[in-house]
Amino acid sequence: MSIASIDVRPLAVEVSCTSDTLHVVLADGRQISVPLKWFPRLEAASPKDLKNWRLIGGGLGVHWEALDEDVSVESLLRLR
C-alpha cells in the first residue's frame, strides 16, 4: 500500500484575539490558537487595533496596519 503526499498550503480565513490569545481559522477547518505574548506588538495593542486586521498573500498571513505587524500562518504552525 502506498500513501499519497499532498502539498497543502495553510490559508487563514478568519482571525480574532482575546486579551491573551490570537486565534486563526484556516480554510481547511483547522484552528490555531497561540499566546499573544509571542507577538509583543499585538500583546500591547488595544482591542480596537487588534480587530483591524487584513489577510495578506491570499491568506498566507495576517497584517495589522496600525501596529505594523505581520504574522504568517506558517510561523503559527511551527513549534516555538
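General observations
- Model label zone, E14; criterion: amide N under 13 Å from point 7 Å along Cα-to-beta-carbon; scope the range 59-80: none
- Prolate/oblate/rounded label for the range 35-80 (Cα gyration tensor, a/c 1.5): oblate
- A27 versus A66: modelled label distance in nm, points set 7 Å from Cα along the beta carbon direction: 2.9 nm
- Rg over Rh for the chain works out to 1.04, using Cα positions for both radii and the Kirkwood form for Rh.
- Around the amide H of L22, modelled in the peptide plane, lie the amide H atoms of V34, L36, all under 5 Å away and 5 or more residues distant in sequence or on another chain.
- Computed [θ] at 222 nm, deg cm²/dmol, the chain (DSSP H ≥ 4; -39,500 (n - 2.57); rounded to nearest 500): -3000 deg cm²/dmol
- Think of a 1.4 Å ball rolled over the protein heavy atoms: the chain then has 70 Å² of accessible area per residue.
The values are calculated or read from the model by the stated rules, or taken from the named source; none is laboratory data. Note that the structure is predicted; figures quoted are calculated from it, not measured. Reconstructed Cβ throughout: ideal geometry from the backbone, glycine too, with neighbour counts over all protein chains shown. The protein model used for the area step is the full one, side chains on, heavy atoms only, and it has no ligands, DNA or RNA in it. Shrake-Rupley method; radii C 1.70, N 1.55, O 1.52, S 1.80 Å.
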